[in-house]
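Engineer: Take a look at the following structure, please.
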Amino acid sequence: MTDTLRLAAADAPRAAHLLAQGELVAFPTETVYGLGANGLDPEAVAAIFAAKGRPQDNPLILHIPGPDHLARYCAHIPAAAYDLARRFWPGPLTMILARKPVVPDVVTAGLDTVGMRCPDHPVAREILELCQLPIAAPSANTSGKPSPTTAQAVWEDMAGKIAAVVDGGPCAVGVESTIVDLTVAPPRLLRPGGVTLEELGEVLGPVAVDEAVVRLMSTGEKPRAPGMKYRHYAPKAPVTVVRGEPRETAAYICSHLRPGVGVICFEDYVNLFPGCPLRSLGPEGDLSEQARRLFEALRWFDGQADVTAIYAQSPDSGGLGLAVTNRLNKAAGFHIIDL
Ligand code: AMP
Ligand code: MG
């Protein structure tokens, strides 16, 4: 057991110092909280896998202060990478690029590519500027739990296991970064996030969408990216996603209520479910709010011992909706009812 420090945003220099010394520090980014370690120190990176219980073959993303650091860690960088960085960095976009040998195997799980991101959060940026190191940082949750969007959620998973948690308030985006693979043609969306497929297309032209984004990978299949085969974001109670016109999905869920059923719905329909264990995703038309609230909603249900099944209304999958529905569908193991 480690005595985990609770740090405030103003303590970013202390966090940077701990990271440079090889310690693990959880810090806020605009997407979700990250569990950081010096990405050039194989022992520190190995400790991330231990603290999270993360499978060794699931690679990590390196966080850098700006695009001028890309060439330190990446080879054969296409012009498109700099075009994307100019438009979306700092921000919720990770690019997969060929790695240089300086990047330890433990970061990339032995792959010849590496994920690179420049996050947009004042605390993350200050830490990265002070360290001048690439910080390996997956989401700061125990493997298999929803990503943490508050310092409290990090604390629940990581207290006693890491050196410090920096509290920077709730995350503005709420779902993990968009991941695009630039080592293939056409570029391929591996994970939808705060930068939408439509926005990527404006810079890159046609972008392929990986199968794993939209459907369940069966056990025999070899995914393009190793992380994609793991069932993430799985609440204790099984989730059923109900897809269709919101009035109809709300009515469907109403007709399936019984003791033990929990509901995830839009704010507009909360009144239909009096007395039900319920989390609102925010207004039907506000995808940003839905992205911010989804993981807290899933975590909340894990604390409700009497909930044995969860029904969830699904947003549309356009724009940021592709990221929200991807996380919701994954939480449901792609158990979806289409009305
Ligand atoms: P997390 O930081 O916990 O959201 O997880 C990082 C995600 O990035 C995982 O899903 C990884 O599979 C993915 N990732 C990291 N590096 C690579 C890479 N070199 N190629 C493909 N996917 C990657
Ligand atoms: Mg994660």
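Engineer: Which condition number does residue 90 fail, the rest of (1) surrounded by 18 or more Cβ atoms within 10 Å (Cβ to Cβ); (2) within 13 Å of ligand 1 (Cβ to nearest atom); (3) more than 22 Å from residue 4 (Cα to Cα) being met?
Structural biologist: (2)
Engineer: Taking residue 183 as the residue in question, decide whether it is within 16 Å of ligand 1 (Cβ to nearest atom) and more than 14 Å from the chain's Cα centre (by Cα). Quick ask: steps written out before the conclusion?
Structural biologist: Details: within 16 Å of ligand 1 (Cβ to nearest atom): yes; more than 14 Å from the chain's Cα centre (by Cα): yes.
Yes: the conditions hold for residue 183.
Engineer: Out of all the residues in the stretch 158-170, which are open to solvent by 10 Å² or more (accessible area, probe 1.4 Å) and either in a helix (DSSP H, G or I) or within 16 Å of ligand 2 (Cβ to nearest atom) (or both)?
Structural biologist: Result: 161, single match.
Engineer: Would you call residue 61 buried (at least 22 other Cβ atoms within 10 Å of the Cβ) and within 19 Å of the chain's Cα centre (by Cα)?
Structural biologist: Details: buried (at least 22 other Cβ atoms within 10 Å of the Cβ): yes; within 19 Å of the chain's Cα centre (by Cα): yes.
In short, yes.
Engineer: So if I check each of 143, 147, which one is within 16 Å of ligand 2 (Cβ to nearest atom), open to solvent by 40 Å² or more (accessible area, probe 1.4 Å), outside any helix (DSSP H, G or I) and not aromatic (Phe, Trp, Tyr)?
Structural biologist: On the way: 147 fails: open to solvent by 40 Å² or more (accessible area, probe 1.4 Å).
Answer to the check: 143.
Engineer: May I ask you to say which residue of 47, 124 is in contact with a Ser or Thr (Cβ under 8 Å, 6 or more places away or on another chain), at pLDDT 95 or above and either within 16 Å of ligand 1 (Cβ to nearest atom) or assigned to a helix (DSSP H, G or I) (or both)? Show your work before the answer.
Structural biologist: Values: 47 fails: in contact with a Ser or Thr (Cβ under 8 Å, 6 or more places away or on another chain).
When all the criteria are applied, what remains is 124.
Engineer: Find all pairs meeting these conditions: Cβ atoms under 9 angstrom apart; at least six residues apart or on different chains; first residue within the stretch 81-98 and touching a residue at least 60 places away in the same chain (Cβ under 8 Å); second residue among the β-branched types (Val, Ile, Thr) and part of a helix (DSSP H, G or I).
Structural biologist: 83/203; 84/203; 87/203; 88/203
Engineer: In addition: Please verify whether the stretch 76-83 includes one or more residues that are assigned to a helix (DSSP H, G or I) and more than 20 Å from residue 178 (Cα to Cα). So that I can check it myself, show each step before the final result.
Structural biologist: Let us first name the residues in the stretch 76-83 that are assigned to a helix (DSSP H, G or I), namely 79-83.
Okay, now just the ones that are also more than 20 Å from residue 178 (Cα to Cα), so none.
Scanning the stretch 76-83, I find no residue that is assigned to a helix (DSSP H, G or I) and more than 20 Å from residue 178 (Cα to Cα), so the answer is no.
The values are calculated or read from the model by the stated rules, or taken from the named source; none is laboratory data. Here the structure is a predicted model, which means the values were calculated and not measured. No Cβ is skipped: glycine too gets one built from the backbone with ideal geometry, and neighbour counts run over all protein chains shown. Ligands, DNA and RNA are stripped out before the accessible areas are found, and what is left, the full protein with its side chains, is counted by its heavy atoms. Shrake-Rupley method; radii C 1.70, N 1.55, O 1.52, S 1.80 Å.
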